[in-house]
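Colleague: Dropping the structure in here first, questions after.
The values are calculated or read from the model by the stated rules, or taken from the named source; none is laboratory data. Quick caveat, the model's predicted, so the values are computed rather than measured. Methodologically, a virtual Cβ is constructed for each residue, glycine included, from the backbone with ideal geometry; neighbour enumeration extends over all protein chains shown. Heads up: the accessible areas ignore ligands, DNA and RNA and are worked out on the full protein's heavy atoms, side chains in. Shrake-Rupley method; radii C 1.70, N 1.55, O 1.52, S 1.80 Å.
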Amino acid sequence: MHIAIIDNDKCHFKKCRQECQYYCPPVRNGTMTVEFGEDGYPVIHEDICLGCGICAHRCPYQAIKIIGLPERQVGKEVHRYGENGFALYGIPSMEVKGVIGILGQNGTGKTTILNILTGNLIPNFARENTSKDEVVKKYKGTYLGKYLEDIYSGKSKISLKPQYVDLIPKYYSGTVQQLLSQYGEGVIEILEKLGMAGIENQDIKVLSGGELQSVAIAAALLKEADVYFFDEPSSYLDISQRLRVASIIRELAQRKKVIIVEHDLAILDFITDNIYLTYGESRAYGIVSNAYSTRQAINTYLEGFIKQENVKFRDYQIKFVKKPPEIDQSIAPLISWEEMHKGFEKFSLKVNPGALRHGQVVGVIGPNGTGKSTFVKMMAGEMKPDDYEFNMSLKTSYKPQSPPSEFNETVLEFLEREIGDRAGENDFKNEIMRPLNLETIGENLVSELSGGDLQKVHIAKTLGKPADLYVLDEPSAYLDSDQRMIVARMLKRFTENNKKTALVVDHDIYFIDLIATSLMVFNGERGKWGETYGPMNMKDGMNLFLKNINLTFRRDENTLRPRINKPDSRMDLEQKKAGEYYYY
């Protein structure tokens, strides 16, 4: 069996020559397998499509996919977004205990699953429409059937923490207190629990990404509900804040049912008890696996092969190494600096002496509000220290924490304007465009991109500019776990091949572990003061950083991936005694 998928976001029927219809063999023989609707978009009739894939190969915008499905999925459609639209196969059965995680590549159905489980979307089983009664009847006698029946009847109440928290200021105005008071009582208490005491009187529109995330989590927790959903609760939060949120959610799960979608694998490992994997073809179809224990599910995800179901969903494994890389002190510094300071009305940053070397990828880690973004802006020439002059002959290229999206031009037009002829060079396409899968969205408007696609476009723009130093502030935000690993490998290969230096701020420990050759560590008090240490080797940097937040990681015996130790566990106490917080 095969399905035909047409991505209308990539289809530009006004610009093409209707190659999908012109080259279709059945159409040439008089059978109208491909037709154009009243809206101008093509429609492929799957019941008479040969599945040859010629239309997909001929489409100049790569908007068509002809995909062969595993026979086991035939007839198991849970939802399909119209003819030639995305199809979801399977749904979490929900009967497992504890915190339930959903892990998978973007575009394989996680949002659709959440919409179905929250009752916002009625699954149609690939038919034109269905009723709630039909859905309940379909799953009658199962835990999922009773669950959906209670959701539809209003017997069970839902609370959802949405994914894109940076949209909150567009829909709400006023103070944090005014917003959160709409959802329940105890606003001050929940903000204190989240480590955000003191922001209740701040205007929503001036909050940082981390503060907006905390407000969204607080709103979800304040609601009286039976089932709580958290869609990517760690974005913009530092590791300490992520662990705080994880502990609160685990405590909530002792009383309520909790489902979480998360791409930070260290946090997902710490917070969940069971995980459903989603896999398939991004924006085409998604398949939901059985539930597996957290350790088994994450190791399976890294391996790319579900042994129990005999399914291979990735042609490579994601691997970690236990031994940290060493800094080659013989390599000449690209730039060095003496002690310098930067002061604001309520915040001060002290930068200790340091140097960046050619070919290094320097990870920048530390709590939010301690000056990381301020430091990288100074390194990128976006901001000047109060008492020090950099060598401004250094060429830099900078990606900010929240890249702008207000560009009414296509991705290719945007890149051509920003980096000129470089956008069309084969080296740029092979090194950056293809790993980031940007060629398939080249004709899409930048202003209409998803958060993940927008992030990748700005990463490409940053790396496409000729520079000595590349500065990227939180490049993993809104990327799924697969995309984070791809960006890490691509960026590391880019710096090695071109002998360039990169400065990367991020809170995902797995991402930093894969990408960095050395570390800069920030310490301080959020919003009041910060101080830098390094760059230093990975081992010393991780030990310093994790000691500051009183956290240790052990290594998974099969994959060597870092796993957070439970506080005061045997491994936690043993590693602290040995002074080995990470590479143990």
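Colleague: Kindly evaluate Gly51 against the criterion of being closer than 29 Å to Thr410 by Cβ, surrounded by fewer than 17 Cβ atoms within 10 Å (Cβ to Cβ) and small (Gly, Ala, Ser).
Modeller: no
Colleague: Looking only at region 205-234, count every residue that is of a type in the set (Ser, Thr, Tyr) and over 22 Å from Asp273 (Cβ atoms) and tell me the total.
Modeller: Adding up the residues that qualify gives 2.
Colleague: Continuing with the same structure: Out of Thr517, Thr552, Thr532, which single residue is within 23 Å of the chain's Cα centre (by Cα) and among the polar types (S, T, N, Q)?
Modeller: Thr517
Colleague: OK, next. Name every residue in region 101-135 that is open to solvent by less than 10 Å² (accessible area, probe 1.4 Å) and farther than 27 Å from Ile298 by Cβ, in order of residue number.
Modeller: Answer for region 101-135, where residues must be open to solvent by less than 10 Å² (accessible area, probe 1.4 Å) and farther than 27 Å from Ile298 by Cβ: Pro123, Val135.
Colleague: Please go through region 136-161 and pick out each residue that is under 29 Å from the mean Cα position of the chain (by Cα), open to solvent by less than 60 Å² (accessible area, probe 1.4 Å) and closer than 13 Å to Asn115 by Cα.
Modeller: Passing the criteria: Leu148, Ile151, Ile158, Ser159, Lys161.
Colleague: Let me ask something else about it. Give the residues of region 551-584 that are polar (S, T, N, Q) and under 18 Å from Asp540 (Cβ atoms), sorted by residue number.
Modeller: Thr552, Gln575
Colleague: Within region 162-177, can you find the residues that are modelled with pLDDT under 95, surrounded by fewer than 16 Cβ atoms within 10 Å (Cβ to Cβ) and either in a helix (DSSP H, G or I) or among the small types (Gly, Ala, Ser) (or both)?
Modeller: Listed by number, the residues that qualify are Leu167, Pro169, Lys170, Tyr171, Ser173, Gly174.
Colleague: Also, I was wondering about something else. Of all the residues that make up region 248-282, how many are surrounded by fewer than 18 Cβ atoms within 10 Å (Cβ to Cβ) and closer than 28 Å to Ala87 by Cβ?
Modeller: The total comes to 0.
Colleague: In this structure, is Leu479 open to solvent by less than 20 Å² (accessible area, probe 1.4 Å), more than 18 Å from the chain's Cα centre (by Cα) and not β-branched (Val, Ile, Thr)?
Modeller: no
Colleague: Just one of the numbered conditions (1) surrounded by fewer than 22 Cβ atoms within 10 Å (Cβ to Cβ); (2) in contact with a Phe, Trp or Tyr (Cβ under 8 Å, 6 or more places away or on another chain); (3) aromatic (Phe, Trp, Tyr) is not true of Tyr583; which one?
Modeller: With (1) surrounded by fewer than 22 Cβ atoms within 10 Å (Cβ to Cβ); (2) in contact with a Phe, Trp or Tyr (Cβ under 8 Å, 6 or more places away or on another chain); (3) aromatic (Phe, Trp, Tyr) applied to Tyr583, the lone miss is (2).
Colleague: Return the residues of region 451-469 that are open to solvent by 10 Å² or more (accessible area, probe 1.4 Å) and within 20 Å of Thr396 (Cβ to Cβ); say none if nothing qualifies.
Modeller: Lys461, Lys465, Pro466, Asp468
Colleague: Among the numbered conditions (1) open to solvent by 10 Å² or more (accessible area, probe 1.4 Å); (2) farther than 28 Å from Ile331 by Cβ; (3) at pLDDT 95 or above, tell me where Glu557 comes up short.
Modeller: So the condition that Glu557 fails would be (3).
Colleague: Does Cys16 count as modelled with pLDDT of 90 or more, in contact with a Pro (Cβ under 6 Å, 6 or more places away or on another chain) and in a loop (DSSP other than H, G, I, E, B)?
Modeller: Yes, satisfied.
Colleague: Give me the pairs: first residue in region 182-204 and in contact (Cβ under 8 Å) with a residue 40 or more places away in the chain, second residue open to solvent by 20 Å² or more (accessible area, probe 1.4 Å) and of a type in the set (Lys, Arg), beta-carbon distance under 7 Å, and six or more apart or on different chains, which are they?
Modeller: Within 7 Å, the pairs are Tyr183/Lys223; Gly184/Lys223; Leu194/Arg244; Gly195/Arg244.
Colleague: So which residues in region 515-542 are buried (at least 21 other Cβ atoms within 10 Å of the Cβ) and either outside any strand (DSSP E or B) or among the aromatic types (Phe, Trp, Tyr) (or both), if there are any at all?
Modeller: Ile515, Ala516, Thr517, Phe522, Met538, Gly541, Met542
Colleague: Determine whether Asp226 is open to solvent by 10 Å² or more (accessible area, probe 1.4 Å) and within 30 Å of Gly82 (Cα to Cα).
Modeller: no
Colleague: Given the residues Glu448, Glu443, which is the only one that is open to solvent by 30 Å² or more (accessible area, probe 1.4 Å), under 21 Å from the mean Cα position of the chain (by Cα), farther than 25 Å from Phe511 by Cα and in contact (Cβ under 8 Å) with a residue 60 or more places away in the chain?
Modeller: Being open to solvent by 30 Å² or more (accessible area, probe 1.4 Å), under 21 Å from the mean Cα position of the chain (by Cα), farther than 25 Å from Phe511 by Cα and in contact (Cβ under 8 Å) with a residue 60 or more places away in the chain holds for just one of Glu448, Glu443, which is Glu448.
Colleague: Is there any pair with a first residue in region 295-310 that is under 14 Å from Thr272 (Cβ atoms) and a second that is assigned to a helix (DSSP H, G or I) and open to solvent by 10 Å² or more (accessible area, probe 1.4 Å) whose Cβ atoms are under 7 Å apart and which are 6 or more apart or on different chains, and what are they?
Modeller: Ile298/Asp269
Colleague: Looking at (1) open to solvent by 60 Å² or more (accessible area, probe 1.4 Å); (2) part of a loop (DSSP other than H, G, I, E, B); (3) under 26 Å from Arg526 (Cβ atoms), can you tell me which one Gln182 breaks?
Modeller: (3)
Colleague: Condition first: open to solvent by 60 Å² or more (accessible area, probe 1.4 Å) and in contact (Cβ under 8 Å) with a residue 60 or more places away in the chain. Now tell me which residues in region 4-37 satisfy that.
Modeller: Passing the criteria: Asp9, Lys15.
Colleague: Can you tell me which residue in region 422-454 is farthest from Glu406 (Cα to Cα), limited to those that are part of a helix (DSSP H, G or I) and in contact with a Ser or Thr (Cβ under 8 Å, 6 or more places away or on another chain)?
Modeller: The selected residue is Leu454.
Colleague: Please work out which residue is nearest to Gly369 (Cα to Cα), limiting yourself to region 514-532 and to residues that are of a type in the set (A, V, I, L, M) and modelled with pLDDT of 90 or more.
Modeller: So the residue we want is Val521.
Colleague: Which of the residues that make up region 351-410 are open to solvent by 30 Å² or more (accessible area, probe 1.4 Å) and of a type in the set (Val, Ile, Thr)?
Modeller: Answer for region 351-410, where residues must be open to solvent by 30 Å² or more (accessible area, probe 1.4 Å) and of a type in the set (Val, Ile, Thr): just Thr396.
Colleague: Being part of a loop (DSSP other than H, G, I, E, B) and either surrounded by fewer than 17 Cβ atoms within 10 Å (Cβ to Cβ) or of a type in the set (Asp, Glu) (or both) is true for just one of Lys566, Lys577, Lys547. Which residue is that?
Modeller: The conditions single out Lys566.
Colleague: Is it the case, given these coordinates, that Leu212 is assigned to a helix (DSSP H, G or I) and of a type outside the set (Lys, Arg)?
Modeller: yes
Colleague: Could you say which residue among Ala56, Ala63 is open to solvent by 10 Å² or more (accessible area, probe 1.4 Å), in contact with a helix residue (DSSP H, G or I) (Cβ under 9 Å, 6 or more places away or on another chain), under 27 Å from Gly30 (Cβ atoms) and at pLDDT 90 or above?
Modeller: So the residue among Ala56, Ala63 that is open to solvent by 10 Å² or more (accessible area, probe 1.4 Å), in contact with a helix residue (DSSP H, G or I) (Cβ under 9 Å, 6 or more places away or on another chain), under 27 Å from Gly30 (Cβ atoms) and at pLDDT 90 or above is Ala56.
Colleague: I'm told His341 meets every condition in (1) in a strand (DSSP E or B); (2) open to solvent by less than 10 Å² (accessible area, probe 1.4 Å) except one. Can you identify the failing condition by its number?
Modeller: Failed condition: (2).
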